[in-house]
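Visitor: Quick one: the structure is below, and I'll ask about it shortly.
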Amino acid sequence: MAVGVFDSGLGGLTVLDAVSKRLPEVPFVYFADSAHAPYGVRDADDIYNLTTAAVERLWEAGCDLVILACNTASAAALRRMQESWIPRDKRVLGVFVPLIEAMTERQWGDNSPPREVAVQHVALFATPATVRSRAFQRELAFRAIGVDVEAQACGGLVDAIEEGDMILAEALVRSHVDALKRKMPSPQAAILGCTHYPLMQETFQEALGEDVAVYSQANLVAESLADYLQRHPGMIGTGTTSRFLTTGDPRKVSGHATRFLRREITFEAA
Ligand code: DGL
């Protein structure tokens, strides 16, 4: 049995870490499409083609259930995949619905009509493709009314993180937060809408100020997955061991991953 976790690169490791802590008995196969990262600057067709190829590889590795631990793929490709591409015996789940449910004070899968919620001014930090898709605003509108969302596309940040250039990554976070604050001076909440960004969470929090509640996805996705597997135990596939696959250079990717998670991670060629 194994569950697949997909990201364009290393960001999904923030989700992998949380799901494997929450479900220690479940093996996970992680797929990093490092050769094609970042996805955030690609168009929707390109993101769809790359994401479907990666998901097929995870199915081959025995994962009937795949989590897209990538907001860009969830925003730009998931709906199209669910409409016409995923066979009946497989499932692919995205990462931002659990986050929006938490922000709008909802239980998992509560589909009641939209209502007023406590937060009214929300800053969204995400990749250019996620911001362009407006998927966050669409999902939010199904659940809440009167929430003002200001989105900031954080160009360059995923590349800096993938390259392990943390000095550049910090400078980019600060300048993107400044740009956001020029449009929305006092956000109440900030969403880190890219799974790479929790690796910079402290810098986001510092730049935004203590009063801003910063939401990131990892723990919320872990709870949702635990709940889903309890209701659908048959969706844990046939794979039996945890593995890390990459389309990039396994040595380089392993080095960066080990540094981020502060434990030894060994990637193999996908
Ligand atoms: N970490 C991904 C996300 O959550 C993808 C970033 C990228 O490849 O641009 O959006």
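Where a number appears in this text, it was derived from the coordinates with a stated rule and is not lab data. The structure displayed is predicted, hence computed values, not measured ones.
Visitor: Rounded to the nearest Å, what's the spacing between the alpha carbon centres of segment 157-191 and segment 49-99? Just the number, please.
Guide: Between the Cα centres of segment 157-191 and segment 49-99 lies a distance of 27 Å.
Visitor: Just the Kirkwood number for segment 97-170, please: inverse of mean 1/r across all distinct Cα pairs, in Å, one decimal.
Guide: Evaluated on segment 97-170, it is 13.8 Å.
Visitor: Could I ask something else about it? P(r) tail for the chain, what percent of Cα pairs lie past 34 Å?
Guide: Result for the distance tail: 13 percent.
Visitor: For the chain, what is the calculated [θ] at 222 nm in deg cm²/dmol (nearest 500), taking -39500 (n - 2.57) for each run of four or more DSSP H residues and dividing by its residue count?
Guide: Calculated from helices alone, the mean residue ellipticity at 222 nm is -13000 deg cm²/dmol.
Visitor: Using θ = phi - 60° and the Karplus curve 6.51 cos²θ - 1.76 cosθ + 1.60, what whole-Hz ³J(HN,Hα) does each residue of segment 170-180 get, with Gly and Pro shown as x?
Guide: Computed from phi, the couplings for segment 170-180 are 5, 4, 5, 4, 4, 6, 5, 5, 4, 4, 4 Hz.
Visitor: Could you list the square roots of 5 times each eigenvalue of the Cα gyration tensor of segment 154-257, that is, the equivalent ellipsoid semi-axes, sorted largest first and rounded to whole Å?
Guide: For segment 154-257, the semi-axes come out at 31, 22, 9 Å.
Visitor: Report ³J(HN,Hα) in whole Hz for each residue of segment 207-221, in order, from the Karplus equation J = 6.51 cos²θ - 1.76 cosθ + 1.60 where θ = phi - 60°; Gly and Pro get x.
Guide: 5, 7, x, 4, 6, 8, 7, 9, 9, 10, 8, 3, 5, 5, 5
Visitor: Continuing with this model, one more query. Just for the Cα atoms in segment 1-142, what are the lengths along the principal axes, largest first, rounded to whole Å?
Guide: 44, 36, 28
Visitor: Please report, to two decimal places, log10 I(q)/I(0) for segment 119-215 at q = 0.14, 0.17 Å⁻¹ as given by the Debye formula with identical point scatterers on the Cα atoms and no solvent.
Guide: For the requested q values the scattering log ratios are -0.47, -0.69.
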